[in-house]
Every structure is written in structure tokens, then in C-alpha cells.
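Take a look at the structure below.
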Amino acid sequence: MSDVRDVRVLVSGGTSGLGYAMCAALLAGGAHVVLTGRDAGRTAAAAAQLANSSPGLALGVAMDVWDEHSVEYGIDAAREALGGIDVLVNNAGIGMQTVNPRFMTVPQSFWNVQPDRFRDLFATNVTGYFLLARAVAPVMVQAGKGKIINVSVSESTTRRAGFAPYGPSRAATDSLSHIMAADLAGTGVTVNLIAPGGATATGMVPDDVGEEVRAGLLDPAIIGPPIRWLASANSDGITDCRVLATDFAAGIRPTVS
């Protein structure tokens, strides 16, 4: 995997699932990582566990990505701890199980979604990405370099029946990423999307999924090589691209346009 020694990375939602897997891969390569989560105790425990098995520095910071003041505090704490932020990984999000715990076996039509659940999911999955990127982009632009990596899903998920509001929220973050990349063109700051390429064995998968489906879920570790590549000098100049971990495993790499 790509060399990320001494790269300073902030990963939101790094306590479990894909976020934890990305932190583990980055730290194993010698990156220094601040991971965030809403629960301070859980965040500290995840950072301590990662630090015990990696050469990189791992620190946990409590952050609520809904709240711009919490985001500002978290960004300041990360900069103070690391001396700066080279890479932002926007990963914190909530899934369909918060709206419909049986979404994979008993889909729910959009008109049955409770408005507060719709708003909560957008506040995390879309506004959270915006607030974090908004906080780091000006400093990166001033430095003339930096990387923003936004975690996404397969494009089919954004159109799947029964997936409101999760699908629309991910379509929104994809659109936001493209606009970020366009706004940052020529500054030295790149913006890319990363997705596993299929359903992944994380806490977002409901308990009632059958064994046949569960056997086909991707291991979260599949996200490790592409996140290392995107965070490294190997991806310099690559921007406004979508990287699927399954494609990456097959040897497919984006190229500079």
C-alpha cells in the first residue's frame, strides 16, 4: 500500500466500520490520525486500541458534526495535536437503520419516513461534510495543498427503492464533492470520493439480514488500500474522481485528467 508516513489526517466517524478500517490502514502506514466520534469515551477507546497496534500517532476527539461550534473545536484540537491537517476524510454518517431497522428485508416507502428522521440524516450525512470541509479548506488553500476525501456509496444506492432518505443524502454529498472540487480547482487542494463498491459488513447492516446475503458483504478492510493511495503523494493532481475499493482491488486507478 502507498506510503503515508507522517501524513496528518482527520477522519470523522472513525470509531467503527469503514471509518475505523480507514484509520487502521492509515496508521499502519505511519500516518498520524485524529479520529472523531460523538461519544467521548468510545472515541478515546477506539484511538487507544488503534494506537496499540500501529506506528502512527492516534488520537480521539469528541465531535458532533451537526454542530458548527463542535466542528470548530474538533478541527482546532486536531490541528493543535498534529501541527496541521494534510488530509480530511469525511466519513461520519448515519444509515437507513436509523429510519427503518429492517430496511433490507422490509423496505419502507418515502411517504412513511418521519420528517425528523429525514432531517437528522441529512444533518449528519450532508451538513456534516460541508461543515468539516468548510473549516479546513481555507487553511489548505492558503498552504497551496491539501486533500479532502468524502466517503460515498455505490451510485445505485442513491436510486434504490426504500432508501429514502439515505440514498438522497448520499446523492447530495456526491454533488457537494463535485462542487467542492470545482471551487478548489487550481488551488492545490483536491477533492475525491471513495466508496467500498458494495454492501459492507458494518454496523449499518441490520440484524435480520440472512446468512446468504451476509456472506456476500465486503470486509471493511477493503477500503484500506484506496484510502492510503488517496492520502499519499501517489494521488497528487487527482481530483473530482470517484474511487471504488472493489475497482481499486482489481487494479483500476483514476488518472489525472
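The values are calculated or read from the model by the stated rules, or taken from the named source; none is laboratory data. As the structure is a prediction and not an experimental result, all values here were calculated from the model. Methodologically, a virtual Cβ is constructed for each residue, glycine included, from the backbone with ideal geometry; neighbour enumeration extends over all protein chains shown.
Here is a check on your reading of the model: is VAL153 under 18 Å from GLY95 (Cβ atoms) and either in a loop (DSSP other than H, G, I, E, B) or touching a residue at least 40 places away in the same chain (Cβ under 8 Å) (or both)? Answer is yes for this residue. Out of the residues in the stretch 175-192 that are closer than 24 Å to ARG119 by Cβ and surrounded by 18 or more Cβ atoms within 10 Å (Cβ to Cβ), state the one that is nearest to the chain's Cα centre (by Cα). Per the criteria, the residue is SER177. LEU59 meets each of the listed conditions (1) under 13 Å from CYS23 (Cβ atoms); (2) within 16 Å of the chain's Cα centre (by Cα) apart from (2). When VAL61, VAL65 are screened for being buried (at least 18 other Cβ atoms within 10 Å of the Cβ) and in contact (Cβ under 8 Å) with a residue 60 or more places away in the chain, only VAL65 passes.
Residues in the stretch 156-171 that are within 15 Å of ALA195 (Cβ to Cβ) and under 18 Å from the mean Cα position of the chain (by Cα): THR157, THR158, TYR166, GLY167, SER169, ARG170, ALA171. Filtered by the rule that a residue be hydroxyl-bearing (Ser, Thr, Tyr), closer than 19 Å to TRP229 by Cα and out of contact with any helix residue (DSSP H, G or I) (no Cβ under 9 Å at 6 or more places or on another chain), the stretch 17-43 gives no residues.
Count of the stretch 67-119 residues, restricted to those that are out of contact with any Asp or Glu (no Cβ under 7 Å at 6 or more places or on another chain), of a type in the set (S, T, N, Q) and farther than 17 Å from THR157 by Cα, is 3. When the residues of the stretch 1-23 are filtered to those that are in contact (Cβ under 8 Å) with a residue 60 or more places away in the chain and charged (D, E, K, R), the one that is nearest to ASN90 (Cα to Cα) is ARG8. Of the residues making up the stretch 103-144, just one is under 17 Å from GLU72 (Cα atoms), buried (at least 19 other Cβ atoms within 10 Å of the Cβ) and over 18 Å from the mean Cα position of the chain (by Cα), namely MET140. Inspection of the stretch 57-73 identifies at least one residue that is charged (D, E, K, R) and farther than 30 Å from ASP6 by Cβ. Residues in the stretch 206-246 that are modelled with pLDDT under 95, of a type in the set (Asp, Glu) and either surrounded by 15 or more Cβ atoms within 10 Å (Cβ to Cβ) or under 28 Å from HIS32 (Cβ atoms) (or both): ASP219 only. Each residue in the stretch 239-255 was checked for being out of contact with any strand residue (DSSP E or B) (no Cβ under 6 Å at 6 or more places or on another chain), in contact (Cβ under 8 Å) with a residue 12 or more places away in the chain and either in a strand (DSSP E or B) or β-branched (Val, Ile, Thr) (or both), and 2 of them qualify.
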